[in-house]
Amino acid sequence: LFNISTQWMDMQANASSVTMTRETTRTKMPCRFCNHATLLMLMLLLVETSSFFAPSNINRGRAMMTMVSRDLHQRSIMMVPSSPLSASIRVESSENDQSRRKFILDNANRILLSSSIVSSAMVENSSPAAASLEVSSSYSAERPVAILGGGGRTGKEVAAALAKEGLFGIAMTRTGKNPVLPGYTKDFVQPYPEPVDVCDADGLIKAMQAVHASAIVYCASASGKGGTAFEVDDIGVANAAAAAKALDARFVLVSALGVDRPDSKGFKMTNSLGGNYDKIMDAKRQGEEKTRSVLAKSKNYMIIRPGPLLGVKGKGGAADIELNQGDIIGGGISRDELAGVVVVALLSKRKGAMVEVYRTKTRQKIQPEFDAVSGNEVTADTYVGLFGNVKSD
């Protein structure tokens, strides 16, 4: 609906203009603006009066609403309510464009979330996958997702995946330098202006409190300049888990495939890289164990174990991905595919679970003596469906 109407509006934009009256001021506004206002109201009406958005489409709807509001937020409009649910939506003049856009988004999110009740009987509701997921209203501008390791390649892909779903985030880095993010991503993910050291437990909690983080995604890992494996992948993880506990925030840890298989070739090779990476698999295993220990009561965590990170971006989306459990089967995965899994892990109702994730075409046994099928394989056409049969620890 949005794509079709946008194409039409592009053709109309330079063809005509209309005069709109707001109080006593008459302003020339392009036809594109009026059509976007109409389209926004149409989307709200669809959401309110039907089961238009199935559970897995709520965030896509939010993203669509965001695209419309990006044009609307630059102007002032008093929208006539079409129903009680939209009666409270009002956008008035303001010098602060960012505040105005956020106001539109927050109200749009509220209505989209309300539609999930109506849409619970839709297509994906009939599957176990739908039952395991809910759309969280927490990941807003006021309660964003904190991305630790936000300046790295995986962190940037997570930021892009959040923006794609209309979710807000804060990218935190050890240097405090702004990560280079695509234009559209910047509308949803902002850089934290100060350095964040995962080894500084008190400083980490203060940073999370400062942004009111509703979730923490841990993408940081040992690097040549960023600390040793035991500093970042062990102690840092434990500190981040403790920060999540203190804020009652969800915690998603990006770990590594095979950390439970010290006899595997992959474990031995990775663990012997030397330098700051020395014993990194041991450090990651200890980081996982501390995550489970710190969050043992709430179990509000997910551990994602990707295989080797591929340089070529995925083309088939979730349909190319397989989830597994038990550290028996693995394979490679691109960072954008991994980021898609991370975002759904944030949205999933599953708690205290650990999954291996890889591109299906690269699947292989972690050790030669293992069976080719673990019995815990999960595939789906959407990222949402991937978590349908995931088992908690």
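The values are calculated or read from the model by the stated rules, or taken from the named source; none is laboratory data. For clarity, every value in this text was computed on a predicted model and none was experimentally measured. Neighbour counts are summed over all protein chains in view; Cβ atoms, including those assigned to glycine, are modelled from backbone coordinates with ideal geometry. Ligands, DNA and RNA are stripped out before the accessible areas are found, and what is left, the full protein with its side chains, is counted by its heavy atoms. Shrake-Rupley method; radii C 1.70, N 1.55, O 1.52, S 1.80 Å.
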**Request:** Compare the peptides 159-165, 340-346, 289-295, 200-206 by average per-residue count of other Cβ atoms within 10 angstrom and give them in order, highest first.
**Result:** 340-346, 159-165, 289-295, 200-206
**Theoretical FRET efficiency, 1/(1+(r/R0)^6), r = Cβ-Cβ of K349 and K265, R0 35 Å, to 0.05** = 0.45
**Message:** Looking only at region 220-379, where both bridge partners belong to it, what percent of the DSSP beta bridges are antiparallel (to the nearest 5)?
**Reply:** 40
**Mean Cα-pair separation over length for region 222-345, i.e. relative contact order, pairs under 8 Å, 6 or more apart, %** = 29
**Prompt:** Once you put a point 7 Å from the Cα of E231 and another 7 Å from the Cα of K206, both along the Cβ direction, what distance in nm separates them?
**Reply:** 1.9
**Request:** Compute the distance in nm between two label points, each set 7 Å from the Cα along the Cα-to-Cβ direction, one at N178 and one at K299.
**Result:** 4.3
**Asked** For region 211-301, with only Lys/Arg (+1) and Asp/Glu (-1) charged at the beta-carbon, what is the dipole magnitude about the Cα centre, in debye rounded to 20?
**Response** 200
**Prompt:** Going down the table (K225/K315; K186/K365; K284/K361; K206/K268; K290/K313; K156/K297), which pairs top 28 Å between alpha carbons?
**Reply:** K225/K315; K186/K365; K206/K268; K290/K313; K156/K297
**Asked** So, in nm, how far is label Q364 from label E289 when the simple model puts each one 7 Å beyond its Cα toward the Cβ?
**Response** 2.9
**Prompt:** Share of region 257-332's accessible area from carbon and sulfur, percent, 1.4 Å?
**Reply:** 53
**Item:** Global form of region 214-263, assessed from the alpha-carbon gyration tensor, a/c cut-off 1.5
**Value:** oblate
**Area projected by the alpha carbon convex hull of region 239-310, averaged over all directions, nm²** = 5.2
**Item:** Fraction of the pair-distance distribution of region 339-393 above 13 Å, Cα-Cα pairs, percent
**Value:** 64
**Prompt:** Packing-wise, with mean Cβ within 10 Å as the measure, how do 143-155, 185-197, 305-317, 276-288 rank, highest first?
**Reply:** 143-155, 276-288, 185-197, 305-317
**Item:** Overall form of region 302-379 per C-alpha gyration tensor (a/c, 1.5; a/b vs b/c)
**Value:** oblate
**Prompt:** Which shape class applies to region 197-345: rounded if a/c is under 1.5, otherwise prolate when a/b exceeds b/c and oblate if not, where a ≥ b ≥ c are the square roots of the Cα gyration tensor eigenvalues?
**Reply:** oblate
**Asked** How large is the Kirkwood hydrodynamic radius of region 165-211, in angstrom, based on all distinct alpha carbon pairs?
**Response** 11.4
